[in-house]
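Below: the structure, in structure tokens.
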Amino acid sequence: MLTNGRYIVNGSCKLNGEVSISGAKNSILPIMCASLLSNETVELSNVPNLNDVNVLKNLLEDIGAKVNYNENRMVIKNLNANLKKNTVDKEYSQKIRYSVLMLGLMLAKEKKVVMYYPGGCNLGKRPIDIHLESLAKLGVKFEQEGDLIIGTTTGLVGATINLRFPTVGGTENIIIASVTAKGTTIINNVAREPEIEDLCNFLNSMGAKISGIGTKSLVIEGVKELRGTSHEIIPDRIETATFMAAAATTGGDILIKNTKVEYLFEIMRAIQEMGATIEVIDNKTIRVLGPEKLEAYNFETTVYPGMPTDVQPILVPGLAIANGYSKVEETIYKERFAVAKELNKMGANIKFDGINSVEILGVKNLEGSIVRGADLRAGAGLVIAGLVANGETIIENSYQVNRGYENFEHKLRQLGADIRYEEK
Ligand code: EPU
């Protein structure tokens, strides 16, 4: 498992060939947490081998689970009737953003949780006020002291929760807390990302009663207990988008297998508008052919089914060398423009308005440079930039990329990229 280091990419390359998409990072993490709601065995397949998954495995083991994980399969069994702990160590709380789902899990199983504010990707402010407000509606009292959060309940009770914003993690926390709560919980204005659907389908296969899946409101009838199950993790739509953008930006030709076309409509639209050709072979397979020169494109990131914020740093490198002028507005993480700043070091012409958008005037070429991937998608975007730049690009802080992409540089090499990883 790669820990830290840098990618070294030689540019002026067109990617060609086939790539197979791994299981979704943003599905496996909540599903691993929710597995411990049952005391029976949970078997998961299509599990991506990622740094974040390994950190969460260690966290689950720390609170009393046995986790066997190899060859993209994971077997999780809670060894005790309850969890071994109702506390999340500071190290785990801060090492991985999704430690935040221990709130829902521990309150459901232990009626108490002690943890620290979660860490994770470097995307600017990431408050968890909606998680805390919503769990309070289910009967939780929170105390906070600095970074420490202590939640207690005499027993979770269903309620109607109207989310101010359809937060992904917040929706997941309420689902995990309410599936075994007393009575019915209605959550309005939920996040509708495919990874939320995957979590709901997984929980229903364990005996949960969740309806309204895929709509703006979920109705969850609490059940006494959940049984074990087997479940296959859905394909990663952001990894798919990354290879689509890599094909489009390098003027390559990539056949992308084991994905799911229905998750990709907005991304396909953008990549086509940018001048690439997309052939949908079947509902799991697409072929993307990049043009000689990309066209400018304006877009705004928003909640699903709109353009995902995670795809923004992956499309911007292509726009940096497109014909004409593009405007990109970020409505989810207003300051998520680390990739734009780094691209300017490579000769791009990108201006940040200081609020939440960038204006990009396409340049002829990017030049190899030393850049830094502040978060995992910025790292992936900079690798794409390196693939089309003149000369050598070094992407530092590549630990971030390994958090969310399985065998990234191996997959790229199979497509003809000249990329290597250097451990620091
Ligand atoms: N927000 C609040 N209060 C809250 C919760 C969220 O104000 O209580 C705000 C956030 O500050 C942010 C927005 O709502 O501005 C969206 O946050 P959300 O809670 O939806 O995001 P998340 O659950 O923390 C997940 C993904 C992210 C992805 C976002 C948005 C996982 C493990 N993480 O984060 O993925 O960017 O949804 O789609 O599912 C990535 O994969 O690179 C990544 C960062």
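A few remarks follow.
- Qualifying residue in region 120-128 (condition: of a type in the set (Val, Ile, Thr) and either touching a strand residue (DSSP E or B) at 6+ places or on another chain (Cβ under 6 Å) or part of a helix (DSSP H, G or I) (or both)): no
- For region 130-147, the criterion of a residue being free of Cβ contacts under 8 Å to residues at least 60 places away in the same chain, small (Gly, Ala, Ser) and under 21 Å from residue 60 (Cβ atoms) is satisfied by no position.
- Segments classed as strands (runs of 3 or more DSSP E), wholly inside region 260-329, with at least 3 members that are within 16 Å of the ligand (Cβ to nearest atom): 299-301
- Residue match in region 234-252 (condition: surrounded by fewer than 18 Cβ atoms within 10 Å (Cβ to Cβ) and touching a strand residue (DSSP E or B) at 6+ places or on another chain (Cβ under 6 Å)): no
- So residue 70, is it of a type outside the set (A, V, I, L, M, F, W, C) and away from the ligand (no atom under 16 Å from the Cβ): yes
- Restricting region 100-154 to residues that are more than 16 Å from the ligand (Cβ to nearest atom), small (Gly, Ala, Ser) and at pLDDT 95 or above, the residue that is surrounded by the fewest Cβ atoms within 10 Å (Cβ to Cβ) is 139.
- Neighbours by Cβ (under 6 Å, 6+ apart or cross-chain): first from region 278-290, without any contact (Cβ under 8 Å) to a residue 12 or more places away in the chain; second in a strand (DSSP E or B): 279/287
- Among (1) assigned to a strand (DSSP E or B); (2) away from the ligand (no atom under 16 Å from the Cβ); (3) of a type outside the set (Val, Ile, Thr), the one test that residue 364 misses: (1)
- Filter result (of a type in the set (Gly, Ala, Ser) and within 16 Å of the ligand (Cβ to nearest atom)) within region 369-424: 373, 374, 378, 379, 380, 381, 398, 404
- Considering residues of region 160-176 that are not in a helix (DSSP H, G or I) and not basic (Lys, Arg) only, the residue farthest from the ligand (Cβ to nearest atom): 160
- Residue in region 199-216 that is farther than 30 Å from residue 337 by Cα, assigned to a strand (DSSP E or B), at pLDDT 95 or above and within 16 Å of the ligand (Cβ to nearest atom) present: no
- Close pairs (8 angstrom Cβ cut-off, 6 or more residues apart or separate chains): on the phi > 0 side of the Ramachandran plot in region 35-48, part of a strand (DSSP E or B) anywhere: 46/23; 46/232; 46/235
The values are calculated or read from the model by the stated rules, or taken from the named source; none is laboratory data. Here the structure is a predicted model, which means the values were calculated and not measured. Here Cβ is always computed from backbone atoms with ideal geometry, including for glycine, and neighbour counts include all displayed protein chains.
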